[in-house]
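**Q** Please see the structure below; I have some questions.
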Amino acid sequence: MSNENQIAVLLIEDNPHDVQIIQRMLHRAALSHPAPTAINLTAVSRLSDALTQQPQTTFDVILLDLCLPDTTGLDAFPKLKQNYPTTPVIILSEQAQHQLIMEAVQFGAQDYLPKNDLSTNLLLKTIHYTIERHRLMLELRHRADELQDQNLALNDFAHTVAHQIQGLLSQMVGYASLVDSHYQEDLSTPAKQAVDQIMQSGYKMNNVITELLFLASMRSENIQVNMLDNKRILAEVFKRLRYQIREKKAVIKVPESWPQAVGYAPWIEEVWLNYLSNGLKYGSKEGAPPVLQLGATPEENGMVRFWVADNGPGISKLDQKRLFKPHTRVTSKKIRGEGLGLSIIWRIIKSSGGKVGVESTEGSGSCFWFSLPANMPIQE
């Protein structure tokens, strides 16, 4: 392996004249380089000879002619890379081999040198640049592997901490609920309001933690789609939003039955939560409580469209186009949200094989929808 003053080069070239030229160039380069550089050149005329060199020497760079007696064109690459997986390769080419050179670069060659226009300066510069680029690439790969390991560790840490916080929150809300249930008559009005606020904040914070855990698991979780039980899913959603529903005095209308659809229940729960949360915040006109109508409509293309219609002020055509893009609010009101955001909902439904959208007319409310497959995918 090289250091700053020593470079080991393997030349695979069957033309003795070209070998001599490269030997002289590298010799002159070693003498003329500003810092003394020892260039140790090993020259072989066949690929098979190159493959036997590896046990004795580790090379910093390989100069490869693509036309050899025992191989032609790109056939040399797989065998060469098998023996020298971390050694960068520079192609020695004739001008007429341009297409072959481009294919070689796609196979993993780092650079190429034209034999007809080769100079000492170009040869040495290309060798140094190739070695440095390859070193940086290996360093980046190593750093990426380290970051991946760190992300996995952070993900495990986040889950552990989040579950611990949820446990503490459960205790906090439980004690507040105990006080509210058993000591209601002994509490003053400000005390009752304080206890109620503790429980509301606890439930909202639990929603935030649940969604952070959900986002952390989206990339790595192996999902299994099943027939969805939307009654059960919505019961959990209503439980998570019970304080917002009570605070807004919202009316939510739900059908008696749901058509069958396929999806990953934790994901679809978050979609319903986000749509309903937005409906509670934005889906009513000034001074009126939100009225949300939930429903589902089977479509002819084998999908089921689920929807939430509200009695709000509606959304302009311009805003509708931006709605499911990142960092876009439904309205300009400064209201802090508890949902994941419509752009993430779009990602969830797209990964589930469906689509999202909104139908709205200014002054006449909005209907947010998402679609899911009606049946399980056919296993091949």
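The values are calculated or read from the model by the stated rules, or taken from the named source; none is laboratory data. All values derive from a computational prediction rather than experimental measurement. Note that we place each Cβ from the backbone using ideal geometry, even for glycine, and neighbour counts take in every protein chain shown.
**Q** Which residue, of VAL291, VAL330, is at pLDDT 85 or above and of a type in the set (Val, Ile, Thr)?
**A** Values: VAL330 fails: at pLDDT 85 or above.
None of the others qualify; the one that does is VAL291.
**Q** Filter the helices (runs of 4 or more DSSP H) completely within the stretch 224-287 down to those with at least 2 residues that are β-branched (Val, Ile, Thr) and within 21 Å of GLU299 (Cα to Cα). Don't jump to the end; show me each part of the working.
**A** Working: elements: 230-240, 242-248, 265-282.
Qualifying helices (runs of 4 or more DSSP H): 265-282.
**Q** Name the residues in the stretch 263-283 that are surrounded by 19 or more Cβ atoms within 10 Å (Cβ to Cβ) and of a type in the set (A, V, I, L, M, F, W, C), would you?
**A** Of the stretch 263-283, the ones surrounded by 19 or more Cβ atoms within 10 Å (Cβ to Cβ) are 263, 267-283.
Residues satisfying the conditions are TRP267, ILE268, VAL271, TRP272, LEU273, LEU276, LEU280.
**Q** So GLN150 clears everything in (1) within 30 Å of GLY108 (Cα to Cα); (2) under 22 Å from the mean Cα position of the chain (by Cα); (3) modelled with pLDDT of 75 or more except one condition, right? Which one?
**A** Result: GLN150 passes all but (3).
**Q** As an exercise: evaluate THR297 against (1) at pLDDT 85 or above; (2) surrounded by fewer than 19 Cβ atoms within 10 Å (Cβ to Cβ); (3) not in a strand (DSSP E or B) and give the number of the one condition it does not meet.
**A** (3)
**Q** Are any residues in the stretch 248-298 touching a strand residue (DSSP E or B) at 6+ places or on another chain (Cβ under 9 Å), charged (D, E, K, R) and in contact (Cβ under 8 Å) with a residue 40 or more places away in the chain, and if so, which ones?
**A** Within the stretch 248-298, LYS248, LYS253 meet the criteria.
**Q** Count, please, the residues in the stretch 238-262 that happen to be surrounded by fewer than 21 Cβ atoms within 10 Å (Cβ to Cβ), over 17 Å from SER371 (Cβ atoms) and among the hydrophobic types (A, V, I, L, M, F, W, C).
**A** Here the count works out to 6.
**Q** Identify all residues within the stretch 110-127 that are surrounded by 13 or more Cβ atoms within 10 Å (Cβ to Cβ) and touching a residue at least 24 places away in the same chain (Cβ under 8 Å); write none if there are none. Break it down stepwise before answering.
**A** Just the residues of the stretch 110-127 that are surrounded by 13 or more Cβ atoms within 10 Å (Cβ to Cβ), to begin with: 110-115, 118, 120, 122-124, 126-127.
Within the stretch 110-127, GLN110, LEU113, LYS115, LEU118, THR120, LEU123, LEU124, THR126, ILE127 qualify.
**Q** Here is a further query. Among VAL161, VAL225, which is the only one that is at pLDDT 75 or above, within 35 Å of the chain's Cα centre (by Cα) and of a type in the set (A, V, I, L, M, F, W, C)? Working first, answer last.
**A** Numbers: VAL161 fails: at pLDDT 75 or above.
VAL225 is the lone residue from the list that is at pLDDT 75 or above, within 35 Å of the chain's Cα centre (by Cα) and of a type in the set (A, V, I, L, M, F, W, C).
**Q** Might you let me know whether the stretch 189-210 holds any residue that is assigned by TED's automatic domain parsing to the domain that holds GLY73, at pLDDT below 75 and aliphatic (A, V, I, L, M)?
**A** Of all residues in the stretch 189-210, those assigned by TED's automatic domain parsing to the domain that holds GLY73 come to none.
Within the stretch 189-210 (the criterion being assigned by TED's automatic domain parsing to the domain that holds GLY73, at pLDDT below 75 and aliphatic (A, V, I, L, M)), the answer is no, since none of the residues qualifies.
**Q** Being at pLDDT 75 or above and assigned by TED's automatic domain parsing to the domain that holds GLY263 narrows it down to one of ILE378, ILE344, ILE335, so name that one. Spell out the reasoning first.
**A** Values: ILE378 fails: at pLDDT 75 or above; ILE335 fails: at pLDDT 75 or above.
After ruling out the rest, the residue left standing is ILE344.
**Q** If I filter the stretch 73-90 for residues that are among the aliphatic types (A, V, I, L, M), surrounded by fewer than 13 Cβ atoms within 10 Å (Cβ to Cβ) and modelled with pLDDT of 75 or more, do I get at least one hit? Step through it out loud before you land on a result.
**A** Keep residues of the stretch 73-90 that are among the aliphatic types (A, V, I, L, M), which gives 74, 76, 80, 89-90.
Now narrow it down to the ones that are surrounded by fewer than 13 Cβ atoms within 10 Å (Cβ to Cβ): none.
No, the stretch 73-90 contains no residue that is among the aliphatic types (A, V, I, L, M), surrounded by fewer than 13 Cβ atoms within 10 Å (Cβ to Cβ) and modelled with pLDDT of 75 or more.
**Q** Let me ask you something else. I'm trying to understand the selection: among the residues of the stretch 164-198, which are β-branched (Val, Ile, Thr) and either in contact with a strand residue (DSSP E or B) (Cβ under 8 Å, 6 or more places away or on another chain) or touching a residue at least 12 places away in the same chain (Cβ under 8 Å) (or both)? Quick ask: steps written out before the conclusion?
**A** Keep residues of the stretch 164-198 that are β-branched (Val, Ile, Thr), which gives 165, 173, 179, 189, 195, 198.
Hits for the stretch 164-198 are ILE165, VAL173, VAL179, VAL195, ILE198.
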